[in-house]
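Participant: Would you mind keeping the following structure in view while I ask a few things?
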Amino acid sequence: MAEASSPSAPAASNASKRLREDGEAIKSRLLDQQFHITRYVDPLVPRKTSDPQNWPRGVTPEMEQKWLAIIKEHRSTKTT
């Protein structure tokens, strides 16, 4: 009976080793090799302006400044 269990023991360790190696290979493919955390701002710090990546197509920083000036003008006339 000991002979029957001994061949399966190395096969089980080889299978677990192969599974671990396959898992590591899959993880390495899932990770973005071009990602660097230093390229991104701290998400917990309040931002002074909105992120241009989230703007609709065709919106420029100049347009945003114009709109903010209109809003500021409107608010100042409303309070006086």
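Participant: Do the conditions hold for Glu3, that is, is it at pLDDT 85 or above, among the acidic types (Asp, Glu) and assigned to a helix (DSSP H, G or I)? First the steps, then the outcome.
Facilitator: Details: at pLDDT 85 or above: no; among the acidic types (Asp, Glu): yes; assigned to a helix (DSSP H, G or I): yes.
The answer is no for Glu3.
Participant: Another question about this same structure. Can you pull out every residue in region 32-72 that is surrounded by 10 or more Cβ atoms within 10 Å (Cβ to Cβ), outside any helix (DSSP H, G or I) and modelled with pLDDT of 80 or more?
Facilitator: Across region 32-72, the qualifying residues are Trp55, Val59, Thr60.
The values are calculated or read from the model by the stated rules, or taken from the named source; none is laboratory data. If you're wondering where the values come from, they're calculated on a predicted model, not measured in any experiment. FYI the Cβ positions are ideal-geometry reconstructions off the backbone, even for glycines, and counts take in every protein chain you see.
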